[in-house]
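Colleague: Can you read through this structure? Questions will come right after.
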Amino acid sequence: MLTFLLRRVAAGLVLLYVLATAAFAMMSLTGTDAVRNISGNTATPAQVAAKTHELGLDRPWISQYGSWLGHAVRGDFGVSWFSGDPVAASLALKVPVTLSVVVAGLILATALSIVLGVAAAVRRGWLDRVVQVLAILGYAVPSFLAALALSVIVAVKLRWLPATGYVPFAVSPSGWFQSITLPAVSLSIGVIAATAQQVRGSAIDVLRQDFVRTLRSRGISERRVLFRHVLRNAAPPALTVLSLQFIGLVGGAVITEKVFGLPGVGSAAVTASTNGDTPLVMGVVVYLVFIVVAVNLLVDVAYGWLNPKVRVR
Amino acid sequence: MTNPPGETTPATPSAPGALSRRGGVGRRLLRNLVAVVCLTVLALLVLATVFAPLLTSHSPTRPSLLDTFASPGAAHPLGGDSVGRDVLARLLYGGRVSLLGAFLAVAVALLIGVPTGLVSGYYRGWVDAAFSWVASLVMAAPAIMVLLVAIAAIGPDANAAMTVLGVILAPGVFRLVRASVTSVREELYVDAAHVSGLNDLRIVRRHILPVVQAPTIIQAAQMFGVAVVIQAGIEFLGLGSASEASWGAMLNEAFANLYIEPTLLVAPGVAIVVTVASVGLLANALRDTLLEGGHAAPARRLRRTKTPDSPPADSPVRDDDGDALLTVRNLRVSYPTSDGEATVVDGVSLSVRHGEVVGLVGESGSGKSQTAFSVLGLLPPEARREAEGLSFGGKDLRRLGGKAMSGLRGRRIAYVPQEPMSNLDPSFRIGSQLADPMRLHLKISAGEARKRALALLERVGIDRPERVYDAYPHQISGGMAQRVLIAGAVSCDPDLLIADEPTTALDVTVQAEVLDLLRELQRERRMGMILVTHNFGVVADICDHVLVMRSGKVVESAPVGQLFANPHHAYTRMLLASTLEDAPTRTPLDDGTPARTTVQEKA
Amino acid sequence: MMTNPTPRPDTPAHGSVLEVDEVVVEYPAKGWRTPPFRALHGVSLDIRAGETVGLVGESGSGKTTLGRAVLGLAPVREGRIAYAGRDISRLGARERRALSDEIQVVFQDPYTSLNPAMTVGDILTEPLLVAGVSRGAAGERIRELLDQVSLPADAAHRLPREFSGGQRQRIAIARALCRDPRLIVCDEPVSALDLSTQARVLDLFIEIQERTGVAYLFITHDLSVVRRISHRVAVMYRGEIVESGDTRAVTSQPQHPYTQRLMLAALVPDPDRQRDRREQRRGLAAAGS
């Protein structure tokens, strides 16, 4: 199990490194004229050249990359070209916002998709059809459209919850909860649809297995068969889907943050991307991939715990 | 053989994705109402965007201050937006951008994913390892983030962004194709094609592509929906081509005016949802038609009419039986089918006394396993069980509720299945699977249950009980697993043991040992036993009384000695004649070779 | 019979179609640094024209691996497999394909050995088209083949799933026969079948052999099957052949302890004889321990 975990950690670090390098290469090799964006249209060629030198863009690519990497491993992602703020410090404020929304959405999605999926698998009939319809709806309604609709109905028309803004947990737990409820709900809809389908499918598969009949033949109660044995065996494939969905969730957060005016990593990413603000873009990439790697690691641990074939040889 | 309803020809589709070449996929799809509706909607959408200039005279981009937030009316069927552009025109022209972009992404994904998947799955080796590694890398990156980086690098260009999206989606296609190829590659018919002298290209074209085709088409449809959504997302974030109309740009504009005119959300929102829902439903319909439809209607040959069998040679029920442990009288099991009802057990009667082993013999589809499961109360929910009498130890099993039956199962009636490996829960240690039912039924402590389980494991001939107790099922052999299952079955001292082909999956030498074990346990505890088998050798070895079944009926019932010495029914005689034990041996071709060579057993 | 007769190498004087000489098969293990898995430890065997050699053993004994090695589907590490005197153990893909005229196969599972998406006609035509037979001639040949294996002529237009296990195995046999091979590797071809079907399919195998003179390498775990079909038998245990010889001699008076155990463990469909055999087996086990 330990070597298994170490291998996964190593794989995660490699992923982080490769993606960051690829992003840096794309940013600097085909980069838009960020310098001109910064200096403005009225800047003289001399001013542009000076700015280029100041940002170190006249150095060879490999040397730019080397110095970025050298600082990045020490947690220093440089200074935003536009705002002049240190990237690490400003992202440190934004990451909790994004994480709150994403993790809340994930928890909500996990809980609901297990309940819906298992219920549909066991009861079949109308409940099963409801889950199927939900799956199509969740697939067809993009999370930002759901976000817009929720924002219009729940926040603007009904005024039940705030339409925009973020309240840190430390300031007011209830305010925090209210501010992330709509974003989390709108994010989770698609995930629930996909994952509930998967849970349903794998639960039905497990229910058909021979060992379920044998468990029943030994007088184990139906509830115990379901919650102890079926759920446990149906979990690993559902977990795989969930981890893929989570990656989508991180992406979806970028748009949802815009709808609900949340000062998260996503909004920073959009601004940085339009401006061609390399240090900020790189910071965002590293933070987001790091979150993905961390969650995948958790999923791997859960997977190993659930599946003895991974854990014990 | 333990599969419910049709024991006959379990027409398992070996390649779940294979497209059937018969009956035209297109024609079968057209018979699906949902598919027809979705295809119509999508066709209309495409036509409407292609012929946008014919449907509206407005320009999608020219602002008109007079028409700012115009209400829907004759001039503007869907009204005007914040700068007075016609919403309908924007919707129609915008559809071009959205649909073309999605199409582009899907095309790129397929172009990359299909060939790499085929090569990876078919040739494996280091190519596969490399491709798979790259795929997992791309899949781990959030799509929107990659798109943002790409846009930051190459500037706002919708088509470029969609090409990048295609690259991001490609690993999904790759994995799917690779998985399908890997699964068919293992199929024996691909081996047979190799032996038939087909070259790789032909094998891929004839045997592998057809299997890959269906899931790939379905995935392509789903990806199209995803691409429409992401495309709209990019435009919504204002990262698309600013000058062009698109559904996402319309949403962006509506969002900016959310407090002034929220209804602007409706037109682009509905367009996106309708498009994506149609594609999604189409994908589902395709799945039904291509995957399940291709294998529907398995050749399940169940008897629907009463076969004019000659009556059994002697009465199967020994009514005089005072001390019968189990009596079954006139049992019928049937399943609902599309055209009525299929009867798999048809008027079976039998009785088992304490300490008696009754064999149920027959070929597949004879209803022997279904009879056994009827007694256990473990038929699938759709099955219908009727009987004139079904009593066990004086209790009428027909009247027992689920809970009471659960209390009886495992405690007084136990079951030994056929396939040892698939009958243990792979996620739990063997010890807990043994001890749990004991604690439940015998109300004993965990420690006591453990002690008894270890003693049982030792009793069934397992050398190191502690090790097996702590092992997971995948760590032990099939023979050992069957011993564990037998230990579990006898753990609560049942009165009746029902064994369904308990040795069929085992090697010959293990089979003999397991039969010895069953016999010993049965004698030592004076259990009644029903043994379901197709093997007359097993019957001869262990049974006291035998029922020969065919097509759900008992054709002959006799004590074991009598059955072998003097079979009455023609079917029994035919079966006995089919056993090869006394068939003539073939003589060697000539005597040119030594009659025998033996290798001395190595230590 | 052959629509496109090709000259065949002459059978060597001693009449062996197939000679397997000290063959070792190894499969690479999963992780690197783990040693490869050795499935066969130097196995030797020969089959003469028109002869059936039964290969008996339990699961994991290597009997299927030997069959696959003969078919070129398993990696031969050491030793030599010779067909009609020519070494075929390390052929290139093209040469191997050319051999499909000579060596054919019938697999165990009639459900996965036929492509479910192809009609029976297509399944049978495929090997003929590869051999360059015209479509018309192939159609003619298929009618002939279906007749030989006692299937109705209209079977060609149906899908495998419309047939029972025994019928599917007949289709597989027809496919093996369509190029008129001289050796067929039969890997447990009757063990998935019902008792009465099994007997009829075995009769078909024997009838075909008597008519065409094809040789069989007949792999099975069932001693009664081997006794019915084989002229000679080889017993495999843990990747080695422990005993081989005339079927009658080996099955009635086994010499190797493993063969003895195997014979005594086989069940007899007769209560009294089975009781005797059981006692004998217990006697042997008691003596052995």
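The values are calculated or read from the model by the stated rules, or taken from the named source; none is laboratory data. Here the structure is a predicted model, which means the values were calculated and not measured. Positions of Cβ are backbone-derived with ideal geometry, glycine not excepted, and every protein chain shown enters the neighbour counts. The accessibility values were calculated without ligands, DNA or RNA, using every heavy atom of the protein model including side chains. Shrake-Rupley method; radii C 1.70, N 1.55, O 1.52, S 1.80 Å.
Colleague: Among C:Arg273, B:Arg411, B:Arg464, what's the order by accessible area (1.4 angstrom probe), most exposed first?
Modeller: On the way: C:Arg273 105, B:Arg411 80, B:Arg464 140 Å².
Sorted by accessible area, descending: B:Arg464, C:Arg273, B:Arg411.
Colleague: If I fit a long axis through the Cα atoms of helix B:143-154 and take the longest principal axis of the Cα atoms of chain B, what angle between them do I get, 0 to 90°, rounded to 10?
Modeller: Approximately 30 degrees, to the nearest ten.
Colleague: Given the whole protein assembly as supplied and a 1.4 Å probe, what does the accessible area of B:Leu45 come to in Å², nearest 10?
Modeller: Rounded to the nearest 10, the figure is 40 Å².
Colleague: With a ≥ b ≥ c taken as the square roots of the eigenvalues of the C-alpha gyration tensor of region C:240-289, please select rounded if a/c is under 1.5 and otherwise prolate if a/b is larger than b/c or oblate if it is not? Present the calculation step by step, with values, prior to reporting the outcome.
Modeller: Working: a/c = 2.71, a/b = 1.33, b/c = 2.04.
Judged from the Cα gyration tensor, region C:240-289 comes out oblate (a/c at least 1.5, b/c at or above a/b).
Colleague: Now for a different question. Taking Cα pairs under 8 Å and at least six residues apart, what relative contact order does region C:114-180 come out at, in percent? Show your work: numbers first, answer last.
Modeller: Working: 69 pairs, mean separation 31.2, N = 67.
Relative contact order for region C:114-180 comes out at 47 percent.
Colleague: For chain C, give the share of DSSP beta bridges that are antiparallel, in percent and rounded to the nearest 5; count only bridges with both residues there.
Modeller: Details: 23 of 41 bridges.
Of those bridges, close to 55 percent are antiparallel.
Colleague: Among the aspartates and glutamates, select those whose C-alpha is under 15 Å from the C-alpha of B:Lys443, and discard any that sit fewer than 8 residues away in the same chain.
Modeller: B:Asp493
Colleague: As a test, work out the antiparallel percent of DSSP beta bridges whose residues both lie in chain B, rounded to the nearest 5. Intermediate results must be reported in sequence, preceding the final value.
Modeller: Values: 27 of 46 bridges.
If I count the DSSP bridges inside chain B, around 60 percent turn out antiparallel.
Colleague: Do any of B:Lys403/B:Lys553; A:Lys309/B:Lys451; B:Lys553/C:Lys63; B:Lys368/B:Lys451; B:Lys368/B:Lys403 go past 32 Å between their Cα atoms, and which?
Modeller: B:Lys553/C:Lys63; B:Lys368/B:Lys451
Colleague: Taking θ as phi - 60°, what are the ³J(HN,Hα) couplings along region A:269-274 by the Karplus curve (6.51, -1.76, 1.60), each to the nearest whole Hz, with x for Gly and Pro?
Modeller: Here the 3J(HN,Hα) series is 4, 5, 4, 4, 5, 5 Hz.
Colleague: Quick one: compute the contact order of chain A, relative version, from alpha carbon pairs under 8 angstrom and 6+ residues apart, as a percent.
Modeller: On the way: 360 pairs, mean separation 84.8, N = 313.
Averaging sequence separation for qualifying contacts and normalising by length gives 27 percent for chain A.
Colleague: Along the charge dipole of chain A, Cβ charges K/R +1 and D/E -1, which of A:Thr44, A:Leu15, A:Val230 sits furthest on the positive end?
Modeller: A:Val230
Colleague: Right, here's the next one. Excluding residues on the same chain fewer than 8 positions from A:Lys157, give the aspartates and glutamates whose Cα lies under 14 Å from its Cα.
Modeller: Once the sequence-local aspartates and glutamates are set aside, what remains near A:Lys157 is B:Glu261.
Colleague: Here's another thing I want to ask about it. Pick from A:Val115, A:Val48, A:Val254 the residue whose mean-square fluctuation is largest in a GNM of chain A, springs joining Cα atoms under 10 Å.
Modeller: A:Val48
Colleague: Right, next: Dipole magnitude of the protein assembly as shown about its Cα centre, charges +1 at Lys/Arg Cβ and -1 at Asp/Glu Cβ only, in debye to the nearest 20?
Modeller: Values: 119 positive and 104 negative charges, 324 e Å.
The calculated dipole for the protein assembly as shown is roughly 1560 debye.
Colleague: Using DSSP loop states and a limit of at most 13 other Cβ atoms within 10 Å to flag chymotrypsin sites (Phe, Trp or Tyr not before Pro), what is the longest stretch of chain B containing no flagged site?
Modeller: Working: sites that count: B:Phe51, B:Tyr259.
The longest uninterrupted stretch comes out as B:260-603.
Colleague: Hey, what's the Kirkwood Rh for region B:150-246 if you take every pair of different alpha carbons, in angstrom? Kindly include the intermediate steps, with their values, before the conclusion.
Modeller: Values: mean 1/r = 0.0627 Å⁻¹.
Final number for the Kirkwood radius of region B:150-246 is 16.0 Å.
Colleague: Right, here's the next one. Tally Lys/Arg at +1 and Asp/Glu at -1 over every other residue whose Cβ is under 11 Å from the Cβ of B:Pro567; what's the total?
Modeller: Working: positive: B:Arg573; negative: B:Glu556.
Result for the neighbourhood of B:Pro567: 0.
Colleague: Also, I was wondering about something else. What aspartates and glutamates sit close enough to A:Lys94 to cross-link, taking a C-alpha to C-alpha distance under 15 Å and skipping anything fewer than 8 places away on the same chain?
Modeller: Within reach: A:Asp85, A:Glu257.
Colleague: Running a GNM on chain A with Cα contacts under 10 Å, which residue among A:Val79, A:Val191, A:Val225 ends up with the highest mean-square fluctuation?
Modeller: With Cα springs under 10 Å in chain A, the top fluctuation among A:Val79, A:Val191, A:Val225 is at A:Val225.
Colleague: Could you give the dipole magnitude of region C:114-180 about its Cα centre, charging the beta-carbon of Lys and Arg +1 and that of Asp and Glu -1, in debye to the nearest 20?
Modeller: Details: 9 positive and 8 negative charges, 30 e Å.
Computed charge dipole of region C:114-180: roughly 140 debye.
Colleague: OK, next. Nearest 20 debye, what's the magnitude of the dipole of region B:424-480 about its Cα centre given +1 on Lys and Arg Cβ and -1 on Asp and Glu Cβ? Kindly include the intermediate steps, with their values, before the conclusion.
Modeller: Numbers: 9 positive and 7 negative charges, 37 e Å.
With only Lys, Arg, Asp and Glu charged at Cβ, the dipole is about 180 debye.
Colleague: Just the number, please: percent antiparallel of the DSSP beta bridges in the protein assembly as shown, rounded to the nearest 5. Could the numbers behind the result be given before it?
Modeller: Values: 54 of 91 bridges.
Just about 60 percent of them are antiparallel.
Colleague: Run the 1.4 Å probe and let me know the accessible area of B:Met223, rounded to the nearest 10 Å².
Modeller: 10 Å²
Colleague: How many angstrom lie between the C-alpha centres of region C:221-279 and region B:486-501?
Modeller: Result: 31 Å between the Cα centres.
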